[in-house]
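Report on the structure given below.
The values are calculated or read from the model by the stated rules, or taken from the named source; none is laboratory data. Computed from a prediction, not measured in an experiment: that's the story for all the values here. We place every Cβ from the backbone using ideal geometry, glycine too, and count neighbours over all the protein chains shown. The area values use the complete protein model at the heavy-atom level, side chains included, leaving out ligands, DNA and RNA. Shrake-Rupley method; radii C 1.70, N 1.55, O 1.52, S 1.80 Å.
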Amino acid sequence: MLKFIKTFFQRINILVIIGLLISHFVLKDSYYVSSLFYYTFPLPIIIIAIGLLSIFQNKKTRKYNLILTLLLLVVWFGRSFKVNTSEVINETDIEVVFWNATHKREFKHVFEKAEKLPDLVVLVEYHAEELEETKLKLPDYYYYWHEQSEIGVFSKKAIDVKKVFTSEDETVVINFTSHGINFYAIDVASSMNVFRKNQIAFVQECVESEKKTILLGDFNTPLESKFLENIKNNFRHVLDEKGNGFRETWFWNIPLLSLDHIWVSKDLNILNAEKIVTFKSDHSMIKTVIQR
């Protein structure tokens, strides 16, 4: 039986490797079927898979597998591990936090992680079970909760909700202003039955401004996706610009996929960005400081 298993993995080795590499670097999420493979096998999983295949190979093939594994590790680190320097932060600058609260967490869990009370917090998958309690503890601030989409906003300044967009697949975009900035809070529906191309296109249709604008939310789409190219042309990703360490925000602090994003229009200055790891959700928080 063991000999059969070893022979099987030796025969499929090259086919599996070629398939994984084409899926990740060429096809990506261009098509619905290829997107399923692309999201299921992010680069760290591919590296692990090729490493495991090496166990069953002869000495020569194992050497090539391990060389490829090292090359892919270099690519992954070069792409995902960021080293940036922060700029001087003043009290007047705006600290913004985004977090997928996974239906269980509250604003207080963000406040516990923050060194000081953020100027603005957006939560998705937020049930607001303790919102009234938070309002009593912090009565001098502003709150907004959209019950249907489970998106909540806390702000030190007034929140002016402009529009709420909802697609047929329940992707939601809420446009509001606060602190003199135009915000779009985004929650892309996580169903694998829906093609992300259509969802991201819907998000982009909702964004009516590219000046003094911040997009923040759970896009359920990795940063390397082909569908984010237009956003990349007009906005900057805070973890790319000012983050340190791995930029992937999912899953349970293991850097597999960059599903959560804060995008800032090019006329705003990003002073600092940080991915805040936590075991209170399978998503990490993202915090950024924008120059007022």
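Mean separation of Cα pairs under 8 Å and 6 or more residues apart, divided by the residue count, gives the range 171-273 a relative contact order of 27 percent.
Highest average first, the peptides 58-64, 188-194, 171-177 ordered by how many other beta carbon atoms sit within 10 Å of their residues are 171-177, 188-194, 58-64.
Surface composition of the range 39-104: carbon plus sulfur atoms hold 70% of the accessible area, using a 1.4 angstrom probe and ignoring ligands, DNA and RNA. The packing ranking of peptides 254-260, 19-25, highest mean first, is 254-260, 19-25, where packing means the average number of other beta carbon atoms within 10 angstrom of each residue.
Between Glu91 and Gln204, the distance separating the two model label sites (each 7 Å from Cα on the Cα→Cβ line) works out to 4.3 nm.
For Glu115 and Lys135, what does the FRET efficiency come to when R0 = 25 Å and r is the distance between their Cβ atoms, rounded to the nearest 0.05? Computed FRET efficiency for Glu115 and Lys135 comes out at 0.65. Residue-normalised convex hull volume from the C-alpha trace of the range 195-258: 92 Å³ per residue. In this simple spin-label approximation, Val26 and Arg292 carry label points 7 Å from Cα along the Cα→Cβ vector, and these lie 5.3 nm apart.
Judged by the mean number of other Cβ atoms found within 10 Å, the most tightly packed of the peptides 116-125, 78-87 leads the ranking 116-125, 78-87. Computed over the range 139-188, relative contact order equals 27 percent, with contacts defined as Cα pairs under 8 Å that lie 6+ residues apart. Applying 0.36 nm per residue to the separation of Lys108 and Lys211 and subtracting their alpha-carbon distance, the gain on full extension is 34.0 nm.
Between Ile67 and Asn244, the contour length at 0.36 nm per residue exceeds the alpha carbon distance by 61.0 nm. For the chain, the longest principal axis of the C-alpha atoms and the axis of helix 196-206 are separated by about 20°.
Which one of Glu208, Glu224, Glu106 has the biggest mean-square fluctuation once the chain is modelled by GNM with Cα springs under 10 Å? Fluctuation is largest for Glu208. Over the chain, Cα pairs under 8 Å with separation of 6+ residues give a relative contact order of 18 percent. Extension gain, Val75 to Gln10, is 20.9 nm, computed as 0.36 nm per intervening residue step minus the present C-alpha separation. The residues of the chain expose on average 49 square angstrom of accessible surface per residue, using a 1.4 Å probe on protein heavy atoms. Can you give the local net charge around Ile174? Use residues other than it whose beta-carbon is closer than 9 angstrom to its beta-carbon, Lys and Arg +1, Asp and Glu -1. The answer is +1.
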